Structure formats: C-alpha cells, structure tokens
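The block underneath contains the structure these notes are about, expressed in structure tokens.
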Amino acid sequence: MQLVYKKKFLSEKRRYAVVLLAIMSAIFTPGPDILSQMMMLVPMVILYEFAVLIVGLVEKKRAIAVNERE
C-alpha cells in the first residue's frame, strides 16, 4: 500500500507540522536552551517546505504526463 500526500494537503496542514516539529525539536535537543532547539527546528522546517515543493513538482509532472496520453 502506497500513501501519497497532495501538495494542497501539506500546505493546509503546515501550521500543525511546524508545531509538531517544534515539539520534536524541544524533546530531542540535549539542553533546555532555545538556541539549540531553534538550530534543530529551522532545518526540519526547511526540509518540510522542500518536501512540499517536490510534491508539487511531481504532481505537475504527472498531470502533464496524463494530458499527453489523452
């Protein structure tokens, strides 16, 4: 079974993803200081946004391929 997310879904749920990533960075950082938490949070948010971009590009590519077949 393959689970596929759409760009619209990922964009709509961005707020929840950032909150979840902030909680994860607070749990996984070794110290209580905010700097180390931010140093972990920022790359994770960038990776999330990159994933949204990649999903959008793949969706666009699939749509073009489907239109060419018709």
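Out of curiosity, is Leu47 open to solvent by 80 Å² or more (accessible area, probe 1.4 Å) and either assigned to a helix (DSSP H, G or I) or at pLDDT below 95 (or both)?
Yes, satisfied.
Just one of (1) surrounded by 11 or more Cβ atoms within 10 Å (Cβ to Cβ); (2) hydroxyl-bearing (Ser, Thr, Tyr); (3) modelled with pLDDT of 90 or more trips up Tyr5, so point out which.
So the condition that Tyr5 fails would be (3).
On the given criteria, is Leu53 in a helix (DSSP H, G or I), modelled with pLDDT of 95 or more and among the hydrophobic types (A, V, I, L, M, F, W, C)?
When the stated conditions are applied, Leu53 passes them.
Cβ-Cβ distance below 8 Å, separation of 6 or more or different chains: which pairs start in segment 1-15 with a residue that is farther than 15 Å from Glu49 by Cβ and end on one that is modelled with pLDDT of 85 or more and surrounded by 11 or more Cβ atoms within 10 Å (Cβ to Cβ)?
Lys6/Val55; Lys6/Glu59
Any residue in segment 54-69 that's at negative phi: show its pairings with residues that are open to solvent by less than 90 Å² (accessible area, probe 1.4 Å) at Cβ separation under 8 Å, as long as the two are six or more apart or on different chains.
Matching pairs, first to second residue: Val55/Lys7; Val55/Leu10; Gly56/Lys7; Glu59/Lys7.
Only residues that are of a type in the set (A, V, I, L, M, F, W, C) and under 30 Å from Lys61 (Cα atoms): list them for segment 1-19, please.
Result: Met1, Leu3, Val4, Phe9, Leu10, Ala17, Val18.
Which residue pairs have Cβ atoms under 9 Å apart, sit 6 or more places apart or on different chains, and have a first residue in segment 29-51 that is among the hydrophobic types (A, V, I, L, M, F, W, C) and a second that is open to solvent by 70 Å² or more (accessible area, probe 1.4 Å)?
Once the first residue is among the hydrophobic types (A, V, I, L, M, F, W, C) and sits in segment 29-51, its partners that are open to solvent by 70 Å² or more (accessible area, probe 1.4 Å) give Met40/Phe28; Ala51/Tyr5.
Of all residues in segment 25-44, how many are assigned to a helix (DSSP H, G or I), over 23 Å from Lys7 (Cα atoms) and open to solvent by 60 Å² or more (accessible area, probe 1.4 Å)?
7
Considering each residue of segment 56-70, count those that are of a type outside the set (A, V, I, L, M) and either surrounded by 11 or more Cβ atoms within 10 Å (Cβ to Cβ) or modelled with pLDDT of 90 or more (or both), and give that number.
4
The values are calculated or read from the model by the stated rules, or taken from the named source; none is laboratory data. Please read all numbers here as calculations on a predicted model, not as lab measurements. Cβ coordinates were reconstructed from backbone atoms using ideal geometry, including for glycine residues, and neighbour counts include every protein chain displayed. To get the accessible areas, we keep the full protein, side chains included, count just its heavy atoms, and leave off ligands, DNA and RNA. Shrake-Rupley method; radii C 1.70, N 1.55, O 1.52, S 1.80 Å.
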